[in-house]
Amino acid sequence: MNRNIMRQAQELQARLAKAQQELAEASVEGTAGGGVVTVIMDGQQHVKAVKIAPEAVKAEDVEMLQDLIVAAINEAARKSQELASSRLSALTGGLKIPGLT
């Protein structure tokens, strides 16, 4: 019976490693200001790109642009966390394993 448990643990570990790799390769997009600012983030909450529409770059609108960037990052982070949670919870059967999400 111990061998069976060890085999299952090893299989779970392999599936989790694969899921984490897939999350690193996945991407989500957060936008703000009707698409003026777009942030692309992977499934591990790493920002990969920030796109800013040319019309948003005006000296008098710097504060608004900063707010839009923060909003887009927060939206992308939320989507990335949801993606990670949904993919990993399918593997763990809904168990909350510290450090996985």
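The values are calculated or read from the model by the stated rules, or taken from the named source; none is laboratory data. Remember, predicted model here, so these are calculated numbers, not experimental data. All Cβ positions, even for glycine, are placed from backbone atoms using ideal geometry, and neighbour counts span all protein chains on display.
Quick check: is even one residue across segment 17-35 over 16 Å from L83 (Cα atoms), at pLDDT below 90 and in a helix (DSSP H, G or I)?
no
Could you count how many residues in segment 1-16 are surrounded by fewer than 10 Cβ atoms within 10 Å (Cβ to Cβ) and in a helix (DSSP H, G or I)?
4
Identify all residues within segment 60-77 that are surrounded by fewer than 16 Cβ atoms within 10 Å (Cβ to Cβ), at pLDDT 90 or above and either touching a His at 6+ places or on another chain (Cβ under 6 Å) or aliphatic (A, V, I, L, M) (or both); write none if there are none.
V70
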